[in-house]
Amino acid sequence: MDSLLTAGAAFLVASVALGLLVYSFIAGVAPIPTTSKVKAKILGALSPDLEGNIFELGSGWGTLAYALAKRFPHCTVIAYEISPIPWFICKLRLALFPLPNVILRRADFHTASLEQAAAIVCFLFPGCMKKLGPKLEKELPPGALVVSHTWPIPGWLPEAVHQADDWHSSRIYEYVAPPWHLRHKTPTSDGPVATSPGAETDVVESE
Ligand SMILES: C[S@@+](CC[C@H](N)C(=O)[O-])C[C@H]1O[C@@H](n2cnc3c(N)ncnc32)[C@H](O)[C@@H]1O
């Protein structure tokens, strides 16, 4: 009986690990949660007067979705997650600790309409930011905010670049829509560097 239980547990752990691995490969990024220091910077980058829908693109285990929903109780947080295991854990978390202003969707956010967004929050990877830029340009309403953890949107000029006091010195890029064409700059890199030479010195030490 004991060995059956052990085998069952080993099978479960292996299945979860494999599921996470496969979906990290499909999504292009593992469900790494945002740390509390970066979370504080992201929340600080969003205006307390924000109203409407906050879209979280790739919500992982729900770390940021919970923080956003608590900080902005008058807003609706619409969280998209493609990977079934983090999505399920977040769903379970919402069932146990409900937050009325969180809508969790298991879907690819590339298929979602972002036309009703007041703000976009994401922590993704360079290739995805490249693909996301044109979608945001097409769909976001004027005045919408975009806050991206670590990765800038190639070709966009940030309104501000915040730096967290974590061991990566993570950067948080803050953008405001549009007119996008006035904010365009030639992309210099897909990496975690500012999208314009000026932006290097534009790091805002919020808090
Ligand atoms: C680095 S994690 C960030 C998790 C969470 N946002 C946080 O900051 O704590 C990125 C997440 O985005 C998800 N993801 C990547 N591409 C996606 C897509 N096209 N649609 C939905 N989720 C996606 C991944 O599965 C992963 O869980």
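Across the alpha-carbon set of region 46-142, the Rg to Rh ratio works out to 0.95, Rh being the Kirkwood radius.
Residues of region 32-46 falling in the label zone of Asp165, defined by backbone nitrogen less than 11 Å from a point 7 Å along Cα to beta-carbon, are 37. Restricted to Cα atoms, the chain shows a radius of gyration and a Dmax of 18.0, 68 angstrom.
Spatially close Lys pairs in the chain, defined by Cα atoms under 21 Å apart and a spacing of eight or more places or different chains, total 10. Here the extension length gained between Lys130 and Phe11 equals 39.1 nm, from 0.36 nm per residue of separation less the Cα-Cα distance. Can you give me the angle between helix 2-27 and the longest principal axis of the chain, using Cα atoms only, in degrees from 0 to 90, rounded to the nearest 10? Taking the Cα atoms of the chain, the angle to 2-27 is about 20 degrees.
If the chain linking Phe88 and Thr111 were pulled fully straight, counting 0.36 nm for each residue of separation and taking away their Cα-Cα distance, it would gain 6.3 nm. Beta bridges from DSSP with both residues in the chain: antiparallel share about 35 percent, rounded to the nearest 5.
Based on Cα contacts under 8 Å between residues 6+ apart, the chain shows a relative contact order of 18 percent. Let me make sure I get this right: for region 68-119, a, b and c are the square roots of the gyration tensor eigenvalues over alpha carbons, sorted descending. Under 1.5 in a/c it's rounded, otherwise prolate if a/b > b/c, else oblate. Which is it? Note, shape of region 68-119 comes out oblate.
We did not get these values from a lab; they are worked out from the coordinates using the rules stated. Values in this document were obtained by computation on a predicted structure and should not be read as measured data. A quick note on method: Cβ atoms are made from the backbone with ideal geometry, for glycine too, and the neighbour counts reach across all protein chains shown.
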